[in-house]
Amino acid sequence: MGKKKTLSFTFITMIIGLMLAIQFRSVQTPEVRDTRDTWQLREDLNEEMELKARLIKEIRANEQKLAEYETERKQGQELALKNTLNELKEEAGLTDVTGPGVTIQISKLDDELLLDHLDYTLSPDLLRRLLNELNMYGAKNVSIGGQRVINTTVIREIAGETKINGRSLKNFPLEIRVITETFEDAQELYNRMVVSKAAEEFFIDNLKVNVLEPEMSVTVPAYEDSIRIRNIESVKADKGES
């Protein structure tokens, strides 16, 4: 019985000693944790922060480009409006125009050439026919006696005087300036007017027509009066539109 107790005591002692040894080893050698996941998270976080910084930089750059595009768009719209306005003014005859063209002079016959010694007369009908002929041969801009011819121009006789745009055409020689699209068009118009029967018709009224050689630079003055626009109303903007 005593021997059995001795073995049990010895076994228990060994177990206690082993446990003490393990505990002592644990205290002397601290547990080393695997920190690779933490470093990986830090690297991922750094990459995300760098990506965010790049995205913010790109967003700011894009916003700046958008602002520049908007500015250019507004400036482009203003420039386009100005160009359109200038084109409309030119088409309406409100600006001086210079280009290739022909000058035609209408003057009185010498006294010895006057038919039946009658005075000269400038017929508005004859002048309108001449203008129609010029338009048919490629005239783009025309002035008669310094008065610009536009769509609303009226040539008529008032109190025995032929008038255009309300101005009398009584000073001779009377100069008609014609601008064409190209110099070749001016040459073609010159060739046609030289052989035109208009000269004979004016001769009957004791006037002579002289067609000058085409030039590269002929200036037609702007229409002097205000253009009246009738029966036009402004368009009302829909709701939500400015």
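The values are calculated or read from the model by the stated rules, or taken from the named source; none is laboratory data. Every value quoted in this text rests on a predicted model; they were computed, and no experiment measured them. Note: ideal-geometry Cβ built from the backbone for every residue, glycine included; neighbour counts use all protein chains shown.
Given the criterion in the same structural domain as residue 212 (by TED's automatic domain parsing), outside any helix (DSSP H, G or I), of a type in the set (Asp, Glu) and in contact (Cβ under 8 Å) with a residue 24 or more places away in the chain, identify the matching residue among 181, 188, 133. Give the steps one after another, and end with the answer.
On the way: 188 fails: outside any helix (DSSP H, G or I); 133 fails: outside any helix (DSSP H, G or I).
Exactly one of 181, 188, 133 is in the same structural domain as residue 212 (by TED's automatic domain parsing), outside any helix (DSSP H, G or I), of a type in the set (Asp, Glu) and in contact (Cβ under 8 Å) with a residue 24 or more places away in the chain, namely 181.
Taking residue 127, is it closer than 16 Å to residue 206 by Cα, surrounded by fewer than 14 Cβ atoms within 10 Å (Cβ to Cβ) and either at pLDDT below 85 or not β-branched (Val, Ile, Thr) (or both)?
For residue 127, the condition - closer than 16 Å to residue 206 by Cα, surrounded by fewer than 14 Cβ atoms within 10 Å (Cβ to Cβ) and either at pLDDT below 85 or not β-branched (Val, Ile, Thr) (or both) - is not met.
Listed conditions (1) over 42 Å from the mean Cα position of the chain (by Cα); (2) in a loop (DSSP other than H, G, I, E, B) are all met by residue 199, apart from (2). In segment 154-170, the condition of being part of a loop (DSSP other than H, G, I, E, B) and modelled with pLDDT of 95 or more is met by no residue.
Here are 85, 118, 114, 66: which of them is aliphatic (A, V, I, L, M), at pLDDT below 80, at negative phi and not assigned by TED's automatic domain parsing to the domain that holds residue 158?
85
A single member of 152, 98, 71, 84 is more than 23 Å from residue 179 (Cβ to Cβ), of a type in the set (Val, Ile, Thr) and surrounded by fewer than 17 Cβ atoms within 10 Å (Cβ to Cβ), and it is 71.
Restricting 58, 31 to those that are farther than 30 Å from residue 95 by Cα and at pLDDT 80 or above reduces the list to 58.
Restricting attention to segment 183-229 and to residues that are closer than 22 Å to residue 148 by Cβ, modelled with pLDDT of 90 or more and among the acidic types (Asp, Glu), the residue that is surrounded by the fewest Cβ atoms within 10 Å (Cβ to Cβ) turns out to be 215.
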